[in-house]
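The values are calculated or read from the model by the stated rules, or taken from the named source; none is laboratory data. Remember, it's a predicted structure, so these values are computed and weren't measured experimentally. Heads up, the Cβs are rebuilt from the backbone with ideal geometry, glycines too, and the neighbour counts pull from every protein chain shown.
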Amino acid sequence: MAGRTFKHDAQSLGTLLSRTTPPLRVPEYQRDYSWEEEQVAEFWNDLVDFTRRAPTDLANAGSYFLGAVVLVNNGSFHLVLDGQQRLATSTILVAALRDALDPLNKRAAQQVQDDYVFFEDHLTGKHIAKLQLNRFDTAYFRATIQDFPRQEAVPATKPSHRLIRSAYKFFAARLTDGFVERPTPDAQRAWLSRLANALVNHFEVIILTSDDEDDASTIFETLNARGLGLSTGDLLRSWLLSRARSDAELAEMLECWSDLFGCAGTGERGESIIRWSWIAEHGDVKARSLYKEIKKDLVGVDALQYCRTIRNDAQAYRDIRDGDCERLVIAEVWSSLDALKAHAAFPLLFAAKRFLGASDLDELSWAAFALCVRHNVVCRRDRARFETACFEAALAVSNGQGVAAALDLLRGVNPSDEDFRLGFSSLTFARHQAPVARVLLRLIEQSLRATHEDTIADSRSVHVEHIYPRNPPAERRWESHDALVGSLGNLTLLAKPLNESASNAAFEAKRDGVYAQSRIEMTRRLTTVAVWDEAALASRTRDLCEQALSVVPSTLTPGALGT
């Protein structure tokens, strides 16, 4: 950044939107609109709180600092390098104020539109947006926010569109609530005027402007170094797009990143996918140094091909997270990996999807899952060892060493069956750990069935049932209640209606009146138990342990469940 000159100025939000020439435009390498309700609500609350500072005259309220906005003037536009989320949300709020004002004073509503949303050039007849978002959001933003009147029926085809729509609906609902408290048109007009006045005249930004667009990625990196919180995705996308060799290449790269955020969202999970994708072929790298490592190694590499790889891995992540696989057993394995938070397995599966066939992918998917059950869940070993083994196995696949080498690395940290039995005997689950217990119970249940053609419905339909209840009457409470109530031997699966009817009933009543109705094999087997006591629980725990071992044996193959 040596030698680069920035001009800086403090302006009101209204001045920035109404008088900036050339107009504001979000560059293509910026991410899509990403503010969620929490941030939108905070923005609204700050505005309302500000208007309460000076109940009679806002001139006495001073100013509210909205933050810094970084612009690059390229002659045709002021490119918004930092601050687009605040500016877009401000425009959405201005549009909501405009629309609320329209039935009360059409001329005032049109003035708001002309001053802060769209500029009409009477010499050329052109309508120019004060703020234009990137190519994925600009048409939707114009139709549903900036056009006056708005176009309500435009479909939201991307996550960012849904966030834009949600932000507008949030502001519109708050304004409607305010009207209820102010039932007369005069009171409503005065309140809207006060809010608009505060927003455009008293919310201030510090504007940093440069005339140099030649190295936008360097500007991004400097902003991040100064603590403005740009993400790895922001930095990496900016740098990669700056290396596009044609408009067609730029368009495809943008589509790749849009697909990434579409699969993963715009938050931390998108950052994680970038890291997992890199680890799959290059080995472990910490999140804090990810951008520098990728940039260093990608010099001289086809940027478009890397963007395609990111997109493919993001789509693989979505398939694994959602259990989207036509092979039923593997679909269960994939969705279970996400439920178990076994995210270290994702680089291994990314590598397998890139370089191996479907059968090899299935084998490694099952091995990673079985190791997670044995190592992380039952034996509760250090998760760092599981992570290291998965990352090294991913690298082995990417280096062409094949499935056998990857499996050897996973088996190298696999606990023995003796350790598995020891861990299983004391395995307990608190209420918040029910999703993990569900994975184990579903795994065992599948293995008990004569065929594996059906799956157990999700947690909305099938619940984890405590055979000895969590909240028994005092006369039926065990002395060892706290130690045993969450043990796996005391848990089973039960359809929601049956679970709700079972409640805290005595075992005999549940056995004969509820469990006998269940179609879940492990639950139906409880109908042969005469008394549910600590001895019966211990016996069932041993049985479940052996059944689990038959499904996830030390070989890390599918065992009794099959594929």
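Points to keep in mind about this one:
- Contacts under 7 angstrom Cβ, first residue in segment 487-515 being without any contact (Cβ under 8 Å) to a residue 24 or more places away in the chain and closer than 19 Å to residue 460 by Cα, partner in a helix (DSSP H, G or I) and of a type in the set (Val, Ile, Thr), 6 or more apart: 515/523; 515/527
The rows are residues; the columns are (1) closer than 26 Å to residue 91 by Cα; (2) modelled with pLDDT of 80 or more.
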{"site": "228", "(1), (2)": "yes, no"}
{"site": "240", "(1), (2)": "no, yes"}
{"site": "258", "(1), (2)": "yes, yes"}
{"site": "276", "(1), (2)": "no, yes"}
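- Pairs where the first residue, in segment 516-540, is within 20 Å of residue 424 (Cβ to Cβ) and in contact (Cβ under 8 Å) with a residue 12 or more places away in the chain and the second is in a helix (DSSP H, G or I) and β-branched (Val, Ile, Thr), C-beta under 9 Å, 6+ apart: 522/444
- Hey, residue 150 surrounded by fewer than 21 Cβ atoms within 10 Å (Cβ to Cβ), charged (D, E, K, R), outside any helix (DSSP H, G or I) and assigned by TED's automatic domain parsing to the domain that holds residue 208 or not: yes
- Within segment 104-147, the residues that satisfy the criterion of being surrounded by fewer than 20 Cβ atoms within 10 Å (Cβ to Cβ), among the hydrophobic types (A, V, I, L, M, F, W, C) and more than 22 Å from residue 13 (Cα to Cα) are 104, 123, 139, 143.
- Put simply, of 264, 248 the only residue that is in contact with a helix residue (DSSP H, G or I) (Cβ under 6 Å, 6 or more places away or on another chain) and hydrophobic (A, V, I, L, M, F, W, C) is 264.
- Selected residue [under 21 Å from residue 20 (Cβ atoms) and in contact (Cβ under 8 Å) with a residue 40 or more places away in the chain] from 113, 146: 146
- Exactly one residue out of 471, 504 is touching a Pro at 6+ places or on another chain (Cβ under 7 Å) and modelled with pLDDT under 95, and it is 504.
- Restricting 40, 72, 48 to residues that are over 28 Å from the mean Cα position of the chain (by Cα), under 22 Å from residue 194 (Cα atoms) and not in a loop (DSSP other than H, G, I, E, B) narrows the list to 48.
- Just one of the listed residues (213, 181) is more than 24 Å from residue 130 (Cα to Cα), charged (D, E, K, R) and either at pLDDT below 95 or touching a Pro at 6+ places or on another chain (Cβ under 9 Å) (or both), and it is 181.
- If only residues of segment 2-41 that are modelled with pLDDT under 90 and hydroxyl-bearing (Ser, Thr, Tyr) are counted, the one that is nearest to residue 74 (Cα to Cα) is 21.
- Flag for residue 76 being buried (at least 23 other Cβ atoms within 10 Å of the Cβ) and either polar (S, T, N, Q) or at pLDDT 95 or above (or both): no
- The test for being assigned to a helix (DSSP H, G or I) and either of a type in the set (A, V, I, L, M) or within 24 Å of residue 31 (Cβ to Cβ) (or both) holds for residue 142.
- Out of 311, 321, sole residue that is without any contact (Cβ under 8 Å) to a residue 40 or more places away in the chain and assigned to a helix (DSSP H, G or I): 321
- Some residue of segment 332-353 being without any contact (Cβ under 8 Å) to a residue 60 or more places away in the chain and over 26 Å from the mean Cα position of the chain (by Cα): no
Residues are listed down the side, and each one gets a yes or a no for (1) more than 30 Å from the chain's Cα centre (by Cα); (2) not β-branched (Val, Ile, Thr):
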position	(1), (2)
114	yes, yes
124	yes, no
148	yes, yes
158	no, yes
